[in-house]
Amino acid sequence: MPKHYRPAGKKKEGNAAKYVTRTKAVKYLQISLATFRKLCILKGVFPRDPKKKVEGNHKTYYHMKDIAFLAHDPLIEKFREIKVHRKKVKKAFAKKNKDLADRLLNRPPTYKLDRLILERYPTFVDALRDLDDCLTMVHLFAALPAVEGERVQVQRIHNCRRLSHEWQAYISRTHSLRKTFISVKGIYYQAEVQGQKVTWLTPHALQQVLTDDVDFNVMLTFLEFYETLLGFINFKLYHSINVNYPPVLDPRLEALASELYALCRYMSSGRVPGNSEPAGLIEGKEDEDNKESSKTDESELRLAQLQHQLPTNEPGALMHLVQESTAADADDADAKECRSLFKNLKFYLSREVPRESLLFIVPAFGGAVSWEGEGSPFDETDEDITHQIVDRPTQSHVFLSREYVQPQWIYDCVNARIILPTEGYIVGRVPPPHLSPFVDNDAEGYIPEYAETIKRLQAAAQNQVLPLPSLGDEDMENSLVEAIIDRSESNDIADKKRKLEMLEKQYHDELRMEFEGKTFSNRTADNPPDVVDKSDTKEADDHVEDSHKQAEKDAADISKTLMSRRQRGLLEAIEINQERKKDKVNLLKKRKKNADSSASAKGR
């Protein structure tokens, strides 16, 4: 009998016991495939890739511990109750029992995901690290059309829009936005929240079409979890700056701000700052409520103030609500720089520009902004406006006291952290290239021309002289000294090698002359030593360089032979990547050269 023989029906070992296929997992949990998929998404269970696939390579495997983890979750029982409830409703409609069907529809079984948030993210930092996909998904569904009868419920879209606005209001108030970039996919943003960098993508303000090649059931399951997660994060962030969550807003202005971020009208005529109600109405309310207890008076007055204070679902309005917070902000260098970038500047947005994005970015960097439309804080005729953001070639009327620039100027100023000159962004001109702040030009090996221009402008704004790349003053001096020493040592070595080669050549010449029977005097008469030395200097230098290259190549070949197969494969992959980068840089340089030549030809 073999040593590891096991009779049929005995306990399994190895990968056969550790992993199970999806079909067997669904059968073990006694649920449908759709419910299993939804449960895995909510619980954060993903397929595994075992080294030895017992059932075959064409099947999906899960770890047995994950399946046991799912089997003990209370959500399975809730999903079974929902399934039973749907069957009861269907049976009631089939029996034409409308009263029973209405009672069942009014009392459906519900569940909450609060426990799962704490289970998957034990600390708040863990939730912030996993926020990128959450924000991207929520902003995507917030941009979908809220139409009845579609595959996405209108209430879900409104909830996504509210959550995204609350998040952007917090980012604007705390000046946490760091980078932004406009691409074909949408607009990228990066913010720094409690030391964690959060990057998300928002779609362009265009008409979205729901396609048939997307499984909305899976996306809605992810969205269900992300809505709960973002709600908890907003709650934590708002309470960290002493602001109640969720904020109570004015439903009367909801229709005016359905597709834009609105600003609050704190300083309206006849209204007190912090309260949008007329003073006479407030006094009347106070007289009526004097009969009740003082605690009830304060609570109702505060509720009335909050209800009429700000528009509903308006992150610009939420931003002003957050501004009332007295919490001390973290005054680091980045926050100070971002807070004062657009300080003392007033912007006015025309109707053709990306209004929602600019209403989010400008206040995040300390600027005041308004727009063309109802509910704006100040009109276009305001004389304090310094910049008007337009994107059409002709204007009906032009104010000489302000500058008319394209929207790209705002994004480039944010990424450069300085106020760039507006000459290149004047309406009607082709703006400079929009550079991505997420690309490290030094690591890529190619620095665009406009990036060098921005570096010079940044140095001029800071009254500094540009040092060598990635070097300070002391490091620069040390590096110069080391470079001089290395150069002198290399020159000495080259001279010694050259002298040895000359002596060796002279020795071979003397041997040849001895065989030929010539004397030393005849050799010196034919070829003086100085002449020989000068004529062979260039050849000796070339020979030294070739020897250096050959030595480096031999050392690389020897090191490759000593490597393992895996290390050799990694090295080859690195070399291939470097070659691709070089080819990409050469292609960019070639394109730039062709563009410059064509531009000069047109100029002629």
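The values are calculated or read from the model by the stated rules, or taken from the named source; none is laboratory data. Predicted, not measured: the structure shown is a model, and the values here were computed from it. Positions of Cβ are backbone-derived with ideal geometry, glycine not excepted, and every protein chain shown enters the neighbour counts. Note: accessible area is taken over every heavy atom of the protein model, side chains too, but ligands, DNA and RNA are not part of it. Shrake-Rupley method; radii C 1.70, N 1.55, O 1.52, S 1.80 Å.
The dipole here belongs to the range 339-439: it is taken about the Cα centre, uses +1 on the Cβ of Lys and Arg and -1 on the Cβ of Asp and Glu, and is about 400 debye.
Counting only residues at least eight positions apart within a chain, or on another chain, the lysines with an alpha carbon under 26 Å from that of K197 are K43, K179, K185, K236, K336, K343, K455.
Using the Cβ-Cβ distance between A573 and H58 with R0 set to 30 Å, the FRET efficiency from 1/(1 + (r/R0)^6) comes to roughly 0.60. For a Förster distance of 41 Å, can you work out the FRET efficiency between the beta-carbons of E516 and A556, rounded to the nearest 0.05? About 0.40, to the nearest 0.05. Our coupling estimate for the range 61-77, obtained by passing each phi through the Karplus curve with A = 6.51, B = -1.76, C = 1.60 and θ = phi - 60°, is 10, 10, 6, 5, 5, 5, 5, 5, 5, 6, 5, 9, 8, x, 5, 4, 5 Hz, Gly and Pro reported as x.
Under 5 Å between amide hydrogens, built in the peptide plane, is the criterion, and for Y404 it picks out Q388 among residues at least 5 positions away or on other chains.
Here's how it looks for Y19: its modeled amide H is under 5 Å from those of M64, which are all 5 or more places away or on a different chain. By the Cα gyration tensor, the range 159-198 has an equivalent ellipsoid whose semi-axes, rounded to whole angstrom, run 17, 16, 8 from largest to smallest.
The portion of the accessible surface of the range 339-439 made up by carbon and sulfur, rounded to a whole percent, is 51 (1.4 Å probe; DNA, RNA and ligands excluded). The string of couplings for the range 384-398 from the Karplus curve (6.51, -1.76, 1.60, θ = phi - 60°) is 7, 5, 9, 9, 10, 8, 10, 9, 10, x, 10, 10, 5, 8, 10 Hz, one whole number per residue in order, with x for Gly and Pro.
Taken along the Cα-to-beta-carbon direction at a fixed 7 Å, the label points for A68 and K499 span 7.9 nm. Proximity of backbone amide H atoms, modeled 1.01 Å from N, is registered between V369 and F347 at under 5 Å, excluding neighbours fewer than 5 places apart on the same chain. Each label point was placed 7 Å from the Cα along the Cα-to-Cβ direction; for S436 and R456 their separation is 2.6 nm. When the charge dipole of the range 339-439 is built from unit charges on Cβ atoms (+1 for Lys and Arg, -1 for Asp and Glu) and taken about the Cα centre, the candidate among F399, V362, V414 whose Cα reaches farthest toward its positive end is V414.
If I compute solvent accessible area with a 1.4 Å probe over the protein chains, what percent of it on the range 117-247 is carbon and sulfur?
Solvent-exposed carbon and sulfur of the range 117-247 make up 53 percent of the total.
When the listed pairs K18/K83; K38/K65; K27/K83; K24/K59 are checked against a 21 Å cut-off, the alpha-carbon distance exceeds it for K18/K83. For the range 339-439, the average shadow cast by the Cα convex hull is 6.5 nm², which is a quarter of the hull's surface. Which lysines, on any chain, are close to K560 with Cα under 17 Å apart, when same-chain ones fewer than 8 places away are left out? List returned: K549. If the segment from I82 to F222 were pulled out straight at 0.36 nm per residue, it would be longer than the present Cα-Cα gap by 48.5 nm. With 0.36 nm allotted per residue and the present C-alpha distance subtracted, the I117-S396 stretch has 95.1 nm of extension available. The average projected area of the range 15-106, computed from the convex hull of its Cα atoms over all directions, is 7.2 nm².
A simple rule links phi to the HN-Hα coupling: the Karplus curve 6.51 cos²θ - 1.76 cosθ + 1.60 with θ = phi - 60°, which for the range 494-500 gives 5, 5, 5, 5, 5, 5, 4 Hz, with x for Gly and Pro.
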